[in-house]
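All remarks here apply to the structure that follows.
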Amino acid sequence: MSKLKITLEDLFNIPGAEIFNPDSFEPSEHVSADSRDIKNGSIFFALKGDKFDGHDFIHDAVNNGAKAIVIEKASLEKFDDIEAVIVTVDDTTKAYGVIAAEWRNKLKAVIFAISGSNGKTSTKDMLADILSVKFHTNKTLANNNNHIGVPLSILAADDKCEVLVLELGTNHFGEIEYIAKIAKPDYAMLTNIGDSHLEFLDSREGVYKEKSAMLTETIKHKGICFLNNDDPLIKKYAGKIKNKITFGFTGKPDAKGEIIGYTPDGRPIVNVKYKNHEIAVELPLYGIANAKNFLASCAAAFKLGLSEEEIEKGVEKLKPTKGRMQVTSYKNFMLIDDTYNASPASVESAVETLENISKYENKILILGDIFELGRKGAKLHQDLYKIIPNKKSYSVFTIGELMENLNKKLKRNITKKHFGTREEFAEFLTGFNFSDSAVLVKGSRGMKMEEFVKLIADRGE
């Protein structure tokens, strides 16, 4: 099997590209935007970000073996001393996307794109793990799901890749359309539509409009769309999509899931039916959200030809994504680290998880602010009181200006306390008795709630 390579013709396909010393160019198997990740013969793209400029690392890239560099035209005069093929373009980030699209066209792999307000990273990881039982599978690493991360993930796939599972994220209009046109998905999955990124996308209708660009691009290439039948907004528009497979726990979706029980420590036992297939598994992961992620992954796996036995083998490989319902058990309490990010829907899911843990009597919620909710932020935080059971077994400790709205609204049976400073909160947690408790920590990335996880973990050591 011949190795995939970027050719001179591919570089000339970049609109407005000028190539200096093209006769010395040799097709390259490796494209990178990180000077530390250069291999001999690489093509280096000098991307510009909010906190970095790849043009500052041109010399490092060439010293590390780059044979061609892609720079913006305005910077050409700075690199007269460079002994490499120089490609000048108007915008290196857009050029990077063009080359990723060229690479995608060379790949023989099936492209499976996943987007949604919640669960897309966990579903991406879960689906990739399950599919890897049958196929050579690549996936988006970490959360590289934007206009730079998706091209990076595509360019990381090689000729051995049979399935590439991509996560598509956004926080502004037009981003999903841009990256979907690069990815050209064969399959697309929309997990749900929630209140994330309302600061930029205004409403749930706005979120759907942005996310559905992935479906439009998939349909354009005669692909299949996997749609969450339990999501009211997705269901509302599903009738307009002909080539689809629906999944859900309610109604009559194509792939029907049912939570048939829980282990004492709260792990769901899930049954899935799809056409002539049926499977029941005890997930090694926690939370109703992961049951939903499994149902979605199971529907996709069955469609791609996996058997019940192969899916069961895939389930054995599942591990929580760092900071997403990551559970550690100590002598007399369990700690759930769900600090990677937060939305109102994911907080509700976290509370449901606590409710299904019978092993520990006390339930402790430690919550930090949820960001990017726009003008609805205060109200959405306040309304979280509706999903927290009014039980004496519950304690809710909050930090952040927005979470104070929740604290003031919590009902009287719940033990509650709001903290104005991180130092005050840390001191409180250091002395608190967590015995016989299931403790869940959650908040947006900017709240750095993982620091409080470490404090609690140190108590359990």
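Mind listing whichever residues of the range 411-433 are under 31 Å from the mean Cα position of the chain (by Cα) and among the hydrophobic types (A, V, I, L, M, F, W, C)?
Selection gives PHE419, PHE425, ALA426, LEU429.
Under 28 Å from the mean Cα position of the chain (by Cα), more than 18 Å from LEU155 (Cβ to Cβ) and surrounded by fewer than 21 Cβ atoms within 10 Å (Cβ to Cβ), is that true of PHE52? Give the steps one after another, and end with the answer.
On the way: under 28 Å from the mean Cα position of the chain (by Cα): yes; more than 18 Å from LEU155 (Cβ to Cβ): yes; surrounded by fewer than 21 Cβ atoms within 10 Å (Cβ to Cβ): yes.
It is true that PHE52 is under 28 Å from the mean Cα position of the chain (by Cα), more than 18 Å from LEU155 (Cβ to Cβ) and surrounded by fewer than 21 Cβ atoms within 10 Å (Cβ to Cβ).
Can you name every residue in the range 407-417 that is touching a strand residue (DSSP E or B) at 6+ places or on another chain (Cβ under 6 Å) and either modelled with pLDDT under 95 or surrounded by 18 or more Cβ atoms within 10 Å (Cβ to Cβ) (or both)?
If the condition is that a residue be touching a strand residue (DSSP E or B) at 6+ places or on another chain (Cβ under 6 Å) and either modelled with pLDDT under 95 or surrounded by 18 or more Cβ atoms within 10 Å (Cβ to Cβ) (or both), then ASN407, LEU410, ILE414, LYS416 are the ones that fit.
Pick from the range 153-180 the residues that are among the aliphatic types (A, V, I, L, M) and out of contact with any Ser or Thr (no Cβ under 7 Å at 6 or more places or on another chain): which of them is nearest to LYS139 (Cα to Cα)?
The residue in question is LEU164.
Condition first: under 26 Å from ALA128 (Cα atoms), assigned to a helix (DSSP H, G or I) and not basic (Lys, Arg). Can you find one or more residues in the range 315-325 that meet it?
Looking through the range 315-325, at least one residue is under 26 Å from ALA128 (Cα atoms), assigned to a helix (DSSP H, G or I) and not basic (Lys, Arg).
Only one residue in GLU205, GLU167, GLU175 is over 23 Å from LEU127 (Cα atoms), within 18 Å of the chain's Cα centre (by Cα) and touching a residue at least 24 places away in the same chain (Cβ under 8 Å), so which one is that?
GLU175
Sort through LEU384, LEU283, LEU304 and tell me the only one that's more than 21 Å from the chain's Cα centre (by Cα), modelled with pLDDT of 95 or more, in the same structural domain as PHE247 (by TED's automatic domain parsing) and of a type outside the set (D, E, K, R).
From the options LEU384, LEU283, LEU304, the qualifying one is LEU304.
Filtering the range 270-283 down to residues that are assigned to a strand (DSSP E or B) and in contact with a helix residue (DSSP H, G or I) (Cβ under 9 Å, 6 or more places away or on another chain), which residue is farthest from MET325 (Cα to Cα)? Don't jump to the end; show me each part of the working.
Pass one, the range 270-283, residues assigned to a strand (DSSP E or B): 270-274, 277-282.
Among the residues that remain, those that are also in contact with a helix residue (DSSP H, G or I) (Cβ under 9 Å, 6 or more places away or on another chain) are: 270, 272, 274, 277-279, 281-282.
Values: VAL270: 17, VAL272: 22, TYR274: 27, HIS277: 29, GLU278: 26, ILE279: 23, VAL281: 18, GLU282: 16 Å.
Here the answer is HIS277.
Scanning the range 254-279 for residues that are closer than 20 Å to ASN229 by Cα and among the small types (Gly, Ala, Ser), which turns out surrounded by the fewest Cβ atoms within 10 Å (Cβ to Cβ)?
My answer is ALA255.
Could you list, in sequence order, the residues of the range 389-435 that are assigned to a helix (DSSP H, G or I) and free of Cβ contacts under 8 Å to residues at least 12 places away in the same chain?
ASN407, GLU423, GLU424, GLU427, GLY431
Here are the criteria: (1) surrounded by fewer than 20 Cβ atoms within 10 Å (Cβ to Cβ); (2) not in a loop (DSSP other than H, G, I, E, B). Tell me which single one VAL70 does not satisfy.
Going through the list (1) surrounded by fewer than 20 Cβ atoms within 10 Å (Cβ to Cβ); (2) not in a loop (DSSP other than H, G, I, E, B), VAL70 breaks only (1).
Answer yes if at least one residue in the range 46-63 is part of a strand (DSSP E or B) and either in the same structural domain as SER203 (by TED's automatic domain parsing) or aromatic (Phe, Trp, Tyr) (or both), and no otherwise.
no
Considering only residues that are aliphatic (A, V, I, L, M) and part of a strand (DSSP E or B), look in the range 215-267 and name the one that is nearest to the chain's Cα centre (by Cα).
Residues of the range 215-267 that are aliphatic (A, V, I, L, M), as a first pass: 215, 219, 224, 227, 233-234, 238, 241, 245, 255, 259-260.
In the following step, the residues that additionally are part of a strand (DSSP E or B) were identified as 224, 227, 245, 255, 259-260.
Details: ILE224: 20, LEU227: 17, ILE245: 21, ALA255: 23, ILE259: 24, ILE260: 27 Å.
Checked the range 215-267; the qualifying residue nearest to the chain's Cα centre (by Cα) is LEU227.
Would you check which residues across the range 15-39 are of a type in the set (Asp, Glu), surrounded by 12 or more Cβ atoms within 10 Å (Cβ to Cβ) and not in a strand (DSSP E or B) and list them?
Of the residues in the range 15-39, the ones of a type in the set (Asp, Glu) are 18, 23, 26, 29, 34, 37.
If we keep only those that are surrounded by 12 or more Cβ atoms within 10 Å (Cβ to Cβ) as well, we get 18, 29, 34, 37.
Listed by number, the residues that qualify are GLU29, ASP34, ASP37.
Out of all the residues in the range 277-297, which are free of Cβ contacts under 8 Å to residues at least 60 places away in the same chain and within 13 Å of LEU127 (Cα to Cα)?
ALA291, LEU295
Could you please let me know if THR421 is surrounded by fewer than 19 Cβ atoms within 10 Å (Cβ to Cβ), within 26 Å of LYS322 (Cβ to Cβ) and polar (S, T, N, Q)?
In short, no.
The values are calculated or read from the model by the stated rules, or taken from the named source; none is laboratory data. Model, not experiment: these values are computed from the prediction. In this analysis, Cβ positions are derived from the backbone assuming ideal geometry, glycine residues included, and neighbour counts consider all displayed protein chains.
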